[in-house]
Structure formats: C-alpha cells, structure tokens
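Novice: First the structure, then my questions, so here it is.
All of the numbers you see were taken from the coordinates with simple rules; none came from a lab. Here the structure is a predicted model, which is why all the values come from computation and not from measurement. No Cβ is skipped: glycine too gets one built from the backbone with ideal geometry, and neighbour counts run over all protein chains shown.
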Amino acid sequence: MRSYSKPNEIFLLESHRFPGIFVARGLEDCLVTLNKTPGKSIYGEKLILSFFNNKRLEFRVWNPFRSKLSAAILLGFNSLYFSRGSKILYIGASTGTTISHCSDIIGRKGIIYAVEFSYKCILQLLFTCTNRENIIPIFGDARYPHKYQIIVPIVDSIITDISQPDQTRILGLNALYYLKKKGSFLISIKTRNIDSLSTEEAVFVGEKEKLCKLGLFPTEQISLEPYDRSHALIGGYFNL
Ligand SMILES: C[S@@+](CC[C@H](N)C(=O)[O-])C[C@H]1O[C@@H](n2cnc3c(N)ncnc32)[C@H](O)[C@@H]1O
C-alpha cells in the first residue's frame with residue numbers, strides 16, 4: 001500500500017539535528033526519513049517526493065502515533081543513541097514499523113538484528129525487509145539471548161520495546177551478551193504492564209534503579225504523552 005502526498009501539496013525539506021532524519025515543512029510539519037526502497041510504503045505511511053540538495057528524493061512520513069521513537073524525537077529527546085553505520089539489536093521488532101525508519105537512518109553500512117517471537121509479526125516483518133538488506137529478522141524469544149548467539153555479534157546499541165513486565169531484566173541479559181562497553185540503549189516503559197497499582201513516577205524510578213543495577217545507566221527519560229499514554233522512553237549507556 002502506498003499513498004503519495006497530493007501533487008499540489010508542497011513540502012520544504014530540512015535536515016533534523018539528528019543525522020538521517022528530516023523535517024518536511026508543509027501545511028503540517030512532519031518528521032520523515034529518506035526512503036531506502038523508493039515506491040514502497042511499509043505501514044501505509046505517506047510518501048513525499050521533494051527536492052533536497054538539488055536532488056529529487058522520496059521520503060517516508062514517520063508517524064509519532066505509530067512509533068514511540070518518532071514521538072520521543074518530536075517531544076525533544078536529547079540524543080538518538082544510534083547513527084549512520086550503527087549495529088543495532090532491536091528487541092520486539094513486531095511488523096517493522098519503527099525498524100523500517102531505523103533502517104533508513106543507519107544506511108547501507110549499518111545493520112539491525114530484529115528479534116520477534118510472534119509468528120504472525122515475523123511473517124509481516126519479512127515483507128518489510130524486502131530490499132532492505134540492513135535488517136536481519138530473527139524469530140526468537142529475547143528471554144533466551146544465547147539462542148541467537150550464532151547470528152548476532154557485539155552491537156553498538158540495543159533498542160527494547162516488548163511491553164513485558166520483566167523487560168528491564170531482558171534488556172540487561174541481552175546487554176551482557178551483545179552490547180559493547182559504553183554502548184547505548186533505548187527502552188520503552190509502559191507503567192501499567194509493570195505495576196498497575198503504583199504511580200507512574202514510582203514505576204519509572206523503580207525501573208531506573210533496576211537498570212543501574214544491570215550496568216545500564218539512564219541519561220534521559222521522556223514521557224510520550226500525548227502520542228502514547230502511560231509510556232516513557234529511557235535512553236542511556238552501558239558500563240559494566
Ligand atoms: C509494542 S510491540 C513493538 C512495536 C515496534 N517496536 C514498533 O514500534 O514497530 C511489542 C512486540 O514485542 C514482541 N515481544 C514481546 N515479548 C517478546 C520476547 N520475549 N521476545 C521477542 N519478542 C517479544 C511482541 O510480539 C510484539 O510484536
């Protein structure tokens with residue numbers, strides 16, 4: 001499925017402060033990435049054809065209601081925690097919505113090892129990966145990281161988005177196996193999945209304490225309201 005912006009819709013493209021991300025300024029400004037597979041839309045996102053640096057290029061709108069990372073960037077996250085050429089272990093790949101934009105950002109020299117344990121999602125993810133040679137889908141359970149040891153090398157960053165009560169522990173386990181020293185991590189926290197009785201702030205504090213005990217030191221946290229309710233994204237670095 002693809003839907004192009006209307007021919008009379010004019011967008012001016014500007015680089016975002018995070019390399020590989022752009023801001024399309026039109027009637028409504030939006031975050032976009034350069035489409036690695038021109039003509040192909042992954043999750044029904046709008047495609048924009050526009051001139052940038054005197055070249056006619058195709059960009060994909062990065063929907064903050066569909067991707068927590070896009071929401072965090074729009075809400076002013078200070079760092080992206082990965083860049084062009086990064087090796088990323090992505091836990092909770094789902095059908096590849098966010099991964100497809102990360103794939104645009106890291107470019108040809110980067111690679112994403114995308115772990116997903118749902119059979120239905122991994123099938124859809126395989127379609128997402130068509131012509132995106134920088135995504136390696138892995139059908140596996142992130143609770144058992146040793147099972148994908150044969151595929152995944154030491155990585156620069158781990159991104160975790162699995163909505164599981166023990167996701168911090170799962171991130172810590174995967175970091176021990178695969179994250180380089182001083183490597184970065186991003187984890188999305190859904191308070192209701194962890195403890196529905198405590199206040200949101202208490203859950204975030206508790207999760208940050210757990211992260212520190214695992215050698216994962218948070219540098220920032222952002223609430224994803226209004227794009228995603230009771231969710232926050234935490235970013236930081238590994239130092240064990
Ligand atoms: C919220 S969705 C991820 C959305 C995705 N990050 C995106 O923005 O496109 C969470 C996914 O994590 C997967 N998941 C949950 N627990 C997992 C585990 N232990 N190992 C692998 N995948 C898991 C679920 O099947 C689901 O597809």
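Novice: With the Cα gyration tensor of the chain in hand, give its eigenvalues times 5 under a square root as the equivalent ellipsoid semi-axes, listed largest first in whole angstrom.
Specialist: Largest first, the chain gives 30, 20, 16 Å.
Novice: Under 37 °C and 0.692 mPa s, how fast does the range 134-240 diffuse according to Stokes-Einstein, given a Kirkwood radius computed over C-alpha pairs? Answer in µm²/s, whole number.
Specialist: Result for D is 230 µm²/s.
Novice: Same structure again: Please label the shape of the range 82-147 as rounded, prolate or oblate, based on the square roots a ≥ b ≥ c of the eigenvalues of the alpha-carbon gyration tensor (a/c under 1.5 means rounded; beyond that, a/b larger than b/c means prolate, else oblate).
Specialist: Taking the square roots of the gyration eigenvalues as a ≥ b ≥ c, the range 82-147 is oblate.
Novice: P(r) for the range 3-61: what percent of alpha-carbon pairs falls in each 5 Å bin, starting at zero?
Specialist: With 5 Å bins starting at 0, P(r) equals 4, 20, 33, 28, 13, 2.
Novice: Moving on. Tell me whether the range 1-126 comes out rounded, prolate or oblate; compute the Cα gyration tensor, take square roots of the eigenvalues as a ≥ b ≥ c, and use a/c under 1.5 as the rounded threshold.
Specialist: prolate
Novice: For S100, S184, which order do you get if you count the other beta carbons within 10 Å of each Cβ and list the fewest first?
Specialist: In order of increasing Cβ crowding within 10 Å: S184, S100.
Novice: How do T160, T95 rank when sorted from fewest to most other Cβ atoms within 10 Å of their own Cβ?
Specialist: T95, T160
Novice: Which of E225, E207, E200 has the fewest other C-beta atoms within 10 Å, and how do the rest follow up to the most?
Specialist: Fewest-to-most ranking of E225, E207, E200: E225, E200, E207.
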